[in-house]
Amino acid sequence: MMLPWVPQKLPLENLDWAKYIRLIGRANAELARYDGILQGIVNPDVLLSPLSLQEAVLSSRIEGTQASLEEVLEYEAAEEAEPERAGDIREVLNYRRAMFAAISYLQDRPVCLDLLKNLHASLMDGVRGQERGRGRFRSVQNWIGRAGSTIESARFVPPEPVAMLESLSNWEKYIHGDEQDRLVQLALIHGQFEIIHPFTDGNGRVGRMLIPLVLYQYKLISRPAFYLSAYLERHRETYYERLLGITARGEWDEWVLFFLTAVAEQAKEDTTKAKTILELYDRMKVKLPEIVPTQFTVQALDAIFDRPVFKTTEFIERSGIPKQSAMRILGALLDHGVLTTVRSGSGRRAAILMFRQLIDLAEGKAGGAAVPNGS
């Protein structure tokens, strides 16, 4: 039987920094380029809303959920879902809620062990695994392996509880210490957290939430809006293999190289996505008044970019546009193919509409219907 792992103390003394030089430069440059885009967005909470939700979708998918961004948005609008998807969707929404709470937390306090427990409590609220120590570090031994495996057949056995707490204390001190490069430091923070595995369930998601939060604390990005899960989900097997390589063969260098590559590639992708969404918003700001003359252009666009699947009644409430004007705007956007109908209105039941092009951009799908020229 595999014995519980005893993590190395941070900082590590045997890293081959020479191997990292090229990737350190590239990853930091791509991240700085992405942050330049972030700083230039006037209303990032609105324009990046679909990307933050897509991050929650993909990070949860790595752990086995199947819900898509579109399904989550439709659930938020209709407050109903297919029974086989409802649990997955709640996990995704919990992820986003936990991130919002963490961002608020960081306004006054740094990343710390209390934040970990708060993240976990929000993440596991009302979903599978909530009964297994929600918001508390584990007091029992756990293990990692295939479904149905036992500790005897486990691929990895994390530290036993006493050693786990000692490692967490060391991990927390390392976050607040200095390292030769902050991105390498973040690679070690994420890798060590996953090895310590301090919760009975939800460790992967909490660990991925920490990535933008630590980047923000280190002032490498101006807001905690970096979405690494898309890369990690595409390279899921390599992601797990590199983490396992640390404990099986002491391959920290290989893990750091993988993580730096992930940051560089994802920062480049996030830059493109953010630019594309910003360009779509700017085009719509010109086209909307051509489609339907209105003084409420900004309010209307902010509402549909922030929530691209919505009830008509919700649109009126969130935008603050008078009902008659709001319905005229929505009708014109439907007539010109900018919006599509998910569910028709009937009696007192409001219609649900979708801004498909924005969803496609957030999911990284090529194209989507072009913004029409108006008539």
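From the residues in region 248-263 that are closer than 20 Å to residue 230 by Cβ and surrounded by fewer than 21 Cβ atoms within 10 Å (Cβ to Cβ), which one is farthest from the chain's Cα centre (by Cα)?
257
Quick one: residue 207 ticks every box in (1) under 21 Å from residue 254 (Cα atoms); (2) surrounded by fewer than 16 Cβ atoms within 10 Å (Cβ to Cβ) except a single one, so which number is it?
Exception for residue 207: condition (2).
Restricting attention to region 124-175, report how many residues are of a type in the set (A, V, I, L, M) and assigned to a loop (DSSP other than H, G, I, E, B).
Residues of region 124-175 that are of a type in the set (A, V, I, L, M), as a first pass: 124, 127, 140, 144, 147, 151, 154, 157, 162-165, 168, 175.
So of that shortlist, the ones also assigned to a loop (DSSP other than H, G, I, E, B) come out as 124, 127, 140, 147, 154, 157.
Here the count works out to 6.
Please list, ordered by residue number, the helices (runs of 4 or more DSSP H) wholly in region 261-375 having 2 or more residues that are of a type in the set (Val, Ile, Thr) and over 17 Å from residue 45 (Cβ atoms).
Details: elements: 297-306, 312-319, 323-335, 356-362.
Hits in region 261-375: 312-319.
Using beta carbons and a limit of 9 Å, which pairs, at least six apart or on different chains, have the first residue in region 291-305 and under 11 Å from residue 326 (Cα atoms) and of a type outside the set (A, V, I, L, M, F, W, C) and the second one at pLDDT 95 or above and in a loop (DSSP other than H, G, I, E, B)?
Listed pairs, sorted by first residue: 294/321; 299/320; 299/321.
Would you be able to say whether some residue in region 47-58 is closer than 23 Å to residue 181 by Cα, of a type in the set (A, V, I, L, M, F, W, C) and either assigned by TED's automatic domain parsing to the domain that holds residue 142 or at pLDDT 95 or above (or both)?
Quick first cut of region 47-58, residues closer than 23 Å to residue 181 by Cα only: none.
The answer is no, given that none of the residues of region 47-58 is closer than 23 Å to residue 181 by Cα, of a type in the set (A, V, I, L, M, F, W, C) and either assigned by TED's automatic domain parsing to the domain that holds residue 142 or at pLDDT 95 or above (or both).
Somewhere in region 50-70, is a residue assigned to a helix (DSSP H, G or I) and surrounded by fewer than 16 Cβ atoms within 10 Å (Cβ to Cβ)?
No, because not a single residue in region 50-70 is assigned to a helix (DSSP H, G or I) and surrounded by fewer than 16 Cβ atoms within 10 Å (Cβ to Cβ).
The values are calculated or read from the model by the stated rules, or taken from the named source; none is laboratory data. What you are looking at is a predicted structure, and each value in this text was computed from that prediction instead of being measured. Neighbour counts run over all protein chains shown; Cβ positions are idealised from the backbone, glycine included.
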